[in-house]
Amino acid sequence: MRTDIGQVINLADYQPTDFVLERVDLTFELDPTETKVESRLIFHRREGVDGTAPLLLDGDELALSGLLFDQVEMPPEQYTATPESLTIRNLPPSEPFELTITTIINPEANTQLMGLYRTGGIYCTQCEAEGFRRITYFPDRPDVLAPFTVNIIADKAANPLLLSNGNFLGGAGYGEGKHFAAWFDPHPKPSYLFALVAGDLGVIEDSFTTMNGREVALKIYVEHGKEPRAAYAMDALKRSMKWDEEVFGREYDLDIFMIVAVSDFNMGAMENKGLNVFNDKYVLADPETATDADYANIEAIIAHEYFHNWTGNRITCRDWFQLCLKEGLTVYRDHEFSADQRSRPVKRIAEVRHLKSEQFPEDGGPLAHPVRPTKYREINNFYTTTVYEKGSEVTRMIATLLGKETFKKGMDLYFDRHDGQAVTIEDFIKCFEDISGRDLAKFSLWYHQAGTPLVTASGTYDAGAKTFSLSLEQMIPATPGQTEKLPMHIPLSLALFAEDGAAFAPTSVDGAEYSGSVLHLTDRAQTAVFHGIASRPVVSINRSFSAPINLHFDQMPADLALLARHESDHFARWQAFTDLALPNLLTAARDAREDRPVVVEQTFVDTLLAAAADESLEPAFRAQALALPSESDIARELGGNNDPDAIHAGRQAVITQIADAGKDVFSSLYESMTTPSSFTADAASAGRRALRNAALTYLSYAENSPTRAKNAFNAANNMTDLLHALTILAHRFPDSEDASEALSTFRERFAENPLVVDKWFSVQAAIPGTGTLDRVQNLMAHPLFKRTNPNRVRALVGTFVFTNPTGFGRADGEGYRFLAREILDIDRRNPQLAARILTSMRSWRSLEPIRADHARSALLGIERTQGLSTDVRDIVERTLKG
Ligand code: TRP
Ligand code: ZN
């Protein structure tokens, strides 16, 4: 493992390479422990570069075993090889030359899952961001693009399948028991998009005819026997290809598109050109084993990786500081795809829930960083929810600000102008400035200033003048390394409603630009005056969550109730439910902490129950309204000195009161929201299941008995219902006979299916209360627990530390000490995974003093450890400092 050397990379230091790479020709002789990699690279010195400058190539844990210059062995005094670099001197001043570099690597020993590694008996690669340098010495940076030829030689019986990027050139036998295959990718690409897969896998095949009539072969490779479970992913792929043609005008550009599903993978999936590699969790699904959420994730991630073909691959990043150029934009594209395939408002609610529960805490804590950072120690630690999700929100704001049509033209210009290039965020923004004629300088600050802006609003109505004045102020909190912030351009979708729910159309607006129902807040403080407003309006601000901000706007419960009933934007309706719920949950948390009885506002309960029973609303929307803000949402709103036990107890009391008041509503929903016995994964059926299961949860509180959940568990004919019933049993009645019986039944039934075994671990890791730490530790000794499998570690350890504030955040600090021990253990094998799990400590400063103290000590214990990876050292130091 590479340990930290304290090096920091700065955006300001960016320089193009001295040498231009013309072509790459790789030959792999695969062997589990001694794979030989021969890399032939053709370079020439860039015009204007000093004729004596050496060529610098990156490596990571490499050993050089051969180096030829134009086919002739290079004299040792002409180069220096270390595990991290290969430096070559005395190269020609201008004419092209060829280097042949040989390395021997050990895929079997590669537990970091970066570079070439083994998983489930197959060979597989992961090169983003800096994994290619673990295969061979190379200018391993995204602005070095070249066409790749790849030759793969391997044992034929063990590896009937030999895959790489691009189009298949040919293959043949190769000596005793071996064969080879050759692939050529004509699209110049950076090394991070290289992929190789070899082994024995099953396949499902299909084809897609592009808008220009070209036929593309589609193949999804999975473990033998799992082929039928790839059908939904294939369907999602074809829908993605069609959608990208229809909505963004983007056509696929090779003869073949392949996806390989593997079971050991650090993240969700990877967009390697023509050969996406997926965590099998985001490929495999069938009704018995996948939940509705799994289906939705598969659809979104298949789309995401496919969309990268244009936003990421054809146009890539100049350097890793520009990561949001491909990730933020591609997340925006996959969000729009899912919105079109499903229910737009429900999708938007789910996105905002996710953004607030993951990105807002990051942006408000020690790990806060701009969407486009300017320095990093470990790039792996910048694949964050800020870069992805806030990056997507910033893209969405461009569309809101310019309007759909101008945005589309700007995207077309971007594809036209930059196809084949490695570019920056500035290049991207320039396309929208050029197409719209708007100055986006104040808007661009969204990329550069970290922290969630706080917008404070207050309104006054003047009946005589028939005007409504809305004063708005923006404040961007200080974040690590950024104390002073400038006002940004914030697009706020906004509407004014009359008492009867009809929208006002103002005759004119001054004090701020208001066009297409978007109010443009551009100064620190602004007052917008709406003219021609016949009566006191109820204002809806930040509809559809047009800007990723915190909004402080004191609205009366009656006004919120009006919005909850009448807002034409259903996202804003949901927001009104949340705004009604939050004060109740905050008060409940405070009351629980002081042992006072919890009392819930009647307006809130009435509004919520009315919505639950309102048949004009989509079931999925009603389920979202019934799912109250989470414990971490409440903690964030409380802001500091937090006691997870009180937050939990308060929230439980609120749920119980809603459940008691709504017993009849919930029983009738439970009876009526059934789905046909033959399962379909469509959004409408999923919505009915979600609402029925929400009703089941409330009933389990009202009845305070496991019986109904137990019956639901026994009756379930799909994983969504089964897992929901199991969760109620385990979380609400953890010590009951019914819970332990259901857990064993579930385990026995699915012991052969790793993705379902992960669910079995997760459910238990999320059981609220102080006893769960012991349970988690016992589960780590269970024969089904696998330390080397990232999905399994995330399912048990990750679920515990990220989603269980009362279990992990025990007042005695045992949870934090457990985490510290596990981080050190995981770090030895897989630094990326360890660092990711350690980010669960990002909100430690907002804990009450006793817990905060324990948390700090645990972090200091990690920090004091010698030989940490760069990944973990970077996270632990920033977490303690910020
Ligand atoms: N680029 C990938 C995506 O978002 C994710 C990714 C980045 C990744 N680095 C990785 C996946 C390392 C696995 C391992 O689509
Ligand atoms: Zn991505």
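Could you check, for region 381-390, whether at least one of its residues is β-branched (Val, Ile, Thr), outside any helix (DSSP H, G or I) and either in contact with an Asp or Glu (Cβ under 7 Å, 6 or more places away or on another chain) or farther than 30 Å from Ile5 by Cα (or both)?
So the first thing to find is which residues in region 381-390 are β-branched (Val, Ile, Thr), and the list is 384-387.
From what is left, the residues that are outside any helix (DSSP H, G or I) are 384.
Among the residues that remain, those that are also either in contact with an Asp or Glu (Cβ under 7 Å, 6 or more places away or on another chain) or farther than 30 Å from Ile5 by Cα (or both) are: 384.
Taking every residue of region 381-390 in turn, at least one turns out to be β-branched (Val, Ile, Thr), outside any helix (DSSP H, G or I) and either in contact with an Asp or Glu (Cβ under 7 Å, 6 or more places away or on another chain) or farther than 30 Å from Ile5 by Cα (or both).
Quick one: in region 331-341, which of the residues that are in contact (Cβ under 8 Å) with a residue 60 or more places away in the chain and buried (at least 20 other Cβ atoms within 10 Å of the Cβ) is farthest from ligand 1 (Cβ to nearest atom)? Don't jump to the end; show me each part of the working.
To start, the set of residues in region 331-341 that are in contact (Cβ under 8 Å) with a residue 60 or more places away in the chain comprises 331-333, 335-337, 340-341.
Subset that is buried (at least 20 other Cβ atoms within 10 Å of the Cβ): 331-333, 335-337.
Details: Val331: 8, Tyr332: 13, Arg333: 12, His335: 14, Glu336: 16, Phe337: 14 Å.
Step by step, filter region 331-341, then rank; the result is Glu336.
Which of (1) under 22 Å from Asp427 (Cα atoms); (2) out of contact with any Cys (no Cβ under 7 Å at 6 or more places or on another chain); (3) within 13 Å of ligand 2 (Cβ to nearest atom) does Phe321 not meet, given it meets every other one?
(3)
What single numbered condition from (1) of a type outside the set (D, E, K, R); (2) under 19 Å from Ser632 (Cα atoms); (3) without any contact (Cβ under 8 Å) to a residue 60 or more places away in the chain fails to hold for Val876?
Of everything listed in (1) of a type outside the set (D, E, K, R); (2) under 19 Å from Ser632 (Cα atoms); (3) without any contact (Cβ under 8 Å) to a residue 60 or more places away in the chain, Val876 misses just condition (2).
Note down all Cβ pairs under 7 Å where the first residue falls in region 791-802 and is in the same structural domain as Arg817 (by TED's automatic domain parsing), the second is part of a helix (DSSP H, G or I) and acidic (Asp, Glu), and they're at least six residues apart or on different chains.
Asn791/Asp758; Arg792/Asp758; Ala795/Asp758; Val797/Glu822
Kindly indicate the residue of region 298-320 that is part of a helix (DSSP H, G or I), more than 9 Å from ligand 1 (Cβ to nearest atom) and among the β-branched types (Val, Ile, Thr) and also farthest from Thr400 (Cα to Cα) among those meeting that condition.
First, the residues of region 298-320 that are part of a helix (DSSP H, G or I): 298-307, 320.
From what's left, more than 9 Å from ligand 1 (Cβ to nearest atom): 298-300, 302-303, 306-307, 320.
Pick out the ones that are also among the β-branched types (Val, Ile, Thr) and you get 298, 302.
Values: Ile298: 27, Ile302: 26 Å.
Residue satisfying both the conditions and the ranking: Ile298.
Each row is one residue, and each column tells you yes or no for (1) among the aromatic types (Phe, Trp, Tyr); (2) within 13 Å of ligand 2 (Cβ to nearest atom); (3) closer than 26 Å to His187 by Cβ.
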residue	(1), (2), (3)
Gly225	no, no, no
Lys242	no, no, yes
Phe257	yes, no, yes
Leu284	no, no, no
Glu288	no, no, no
Ala296	no, no, no
Tyr306	yes, yes, yes
Thr311	no, yes, yes
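Could you list, in sequence order, the residues of region 182-236 that are touching a Pro at 6+ places or on another chain (Cβ under 9 Å) and not hydrophobic (A, V, I, L, M, F, W, C)?
Residues satisfying the conditions are Asp185, Pro186, His187, Pro188, Lys189, Pro190, Ser191, Tyr192, Gly199, Asp200.
Every residue in region 507-540 that is over 27 Å from Trp446 (Cα atoms) and buried (at least 19 other Cβ atoms within 10 Å of the Cβ), please.
Hits for region 507-540 are Phe530, Ile533, Pro537, Val538.
Just checking, which of Leu116, Leu99 is in a strand (DSSP E or B), touching a strand residue (DSSP E or B) at 6+ places or on another chain (Cβ under 8 Å) and more than 14 Å from Leu196 (Cβ to Cβ)? Quick ask: steps written out before the conclusion?
Values: Leu116 fails: more than 14 Å from Leu196 (Cβ to Cβ).
That would be Leu99, the only listed residue that is in a strand (DSSP E or B), touching a strand residue (DSSP E or B) at 6+ places or on another chain (Cβ under 8 Å) and more than 14 Å from Leu196 (Cβ to Cβ).
What helices (runs of 4 or more DSSP H), lying completely within region 801-867, carry at least 3 residues that are over 25 Å from the mean Cα position of the chain (by Cα)?
On the way: elements: 805-808, 814-829, 831-838, 849-863.
The qualifying helices (runs of 4 or more DSSP H) are 814-829, 849-863.
If you scan region 35-85, which residues turn out to be in contact (Cβ under 8 Å) with a residue 24 or more places away in the chain, among the polar types (S, T, N, Q) and surrounded by 13 or more Cβ atoms within 10 Å (Cβ to Cβ)?
Residues satisfying the conditions are Thr35, Ser39, Ser65, Ser85.
Looking at (1) more than 27 Å from the chain's Cα centre (by Cα); (2) under 25 Å from Leu284 (Cβ atoms), which is the only condition Met114 fails?
Evaluating Met114 over (1) more than 27 Å from the chain's Cα centre (by Cα); (2) under 25 Å from Leu284 (Cβ atoms) leaves (1) as the failure.
I'm told Ala181 meets every condition in (1) surrounded by fewer than 18 Cβ atoms within 10 Å (Cβ to Cβ); (2) part of a strand (DSSP E or B); (3) aliphatic (A, V, I, L, M) except one. Can you identify the failing condition by its number?
(1)
Sort out which residues of region 104-150 are free of Cβ contacts under 8 Å to residues at least 60 places away in the same chain and touching a helix residue (DSSP H, G or I) at 6+ places or on another chain (Cβ under 6 Å), and write them in order of number.
We begin by selecting, within region 104-150, every residue free of Cβ contacts under 8 Å to residues at least 60 places away in the same chain; these are 110, 115.
Passing the criteria: only Gly115.
Would it be correct to say that Phe265 is within 16 Å of ligand 1 (Cβ to nearest atom), among the aromatic types (Phe, Trp, Tyr) and either in contact with a Cys (Cβ under 9 Å, 6 or more places away or on another chain) or part of a loop (DSSP other than H, G, I, E, B) (or both)?
On the way: within 16 Å of ligand 1 (Cβ to nearest atom): yes; among the aromatic types (Phe, Trp, Tyr): yes; either in contact with a Cys (Cβ under 9 Å, 6 or more places away or on another chain) or part of a loop (DSSP other than H, G, I, E, B) (or both): yes.
So Phe265 fits the description; yes.
Of all helices (runs of 4 or more DSSP H) completely enclosed by region 721-781, which ones contain at least 2 residues that are under 27 Å from the mean Cα position of the chain (by Cα)?
Counting at least 2 such residues, we get 754-765, 772-780.
I need every pair where a residue in region 294-312 that is within 15 Å of Glu336 (Cα to Cα) has its Cβ under 6 Å from the Cβ of a residue that is assigned to a strand (DSSP E or B) and more than 9 Å from ligand 2 (Cβ to nearest atom), sequence separation at least 6 or different chains.
Partner pairs satisfying both residue conditions: Glu305/Asn276.
Quick test of your reading of the structure: Glu215 fulfils all but one of (1) surrounded by fewer than 24 Cβ atoms within 10 Å (Cβ to Cβ); (2) touching a His at 6+ places or on another chain (Cβ under 7 Å). Name the failing condition by number.
Among (1) surrounded by fewer than 24 Cβ atoms within 10 Å (Cβ to Cβ); (2) touching a His at 6+ places or on another chain (Cβ under 7 Å), Glu215 violates only (2).
Among Leu254, Leu323, Leu275, which is modelled with pLDDT of 95 or more, within 15 Å of ligand 1 (Cβ to nearest atom), more than 23 Å from Lys347 (Cα to Cα) and in contact with a Pro (Cβ under 9 Å, 6 or more places away or on another chain)? Don't jump to the end; show me each part of the working.
Details: Leu254 fails: within 15 Å of ligand 1 (Cβ to nearest atom); Leu275 fails: in contact with a Pro (Cβ under 9 Å, 6 or more places away or on another chain).
None of the others qualify; the one that does is Leu323.
How many residues, within region 283-297, are within 16 Å of ligand 1 (Cβ to nearest atom) and crowded, with 24+ Cβ neighbours inside 10 Å? Steps first, please.
Applying the first criterion (within 16 Å of ligand 1 (Cβ to nearest atom)) to region 283-297 yields 283, 297.
This time we only want the ones that are crowded, with 24+ Cβ neighbours inside 10 Å, so: 283.
Summing the residues that are within 16 Å of ligand 1 (Cβ to nearest atom) and crowded, with 24+ Cβ neighbours inside 10 Å in region 283-297 gives 1.
For region 354-371, give me each residue that is surrounded by fewer than 23 Cβ atoms within 10 Å (Cβ to Cβ) and in a loop (DSSP other than H, G, I, E, B).
Passing the criteria: Gly364, Gly365, Pro366, Pro370.
The values are calculated or read from the model by the stated rules, or taken from the named source; none is laboratory data. All values derive from a computational prediction rather than experimental measurement. Here Cβ is always computed from backbone atoms with ideal geometry, including for glycine, and neighbour counts include all displayed protein chains.
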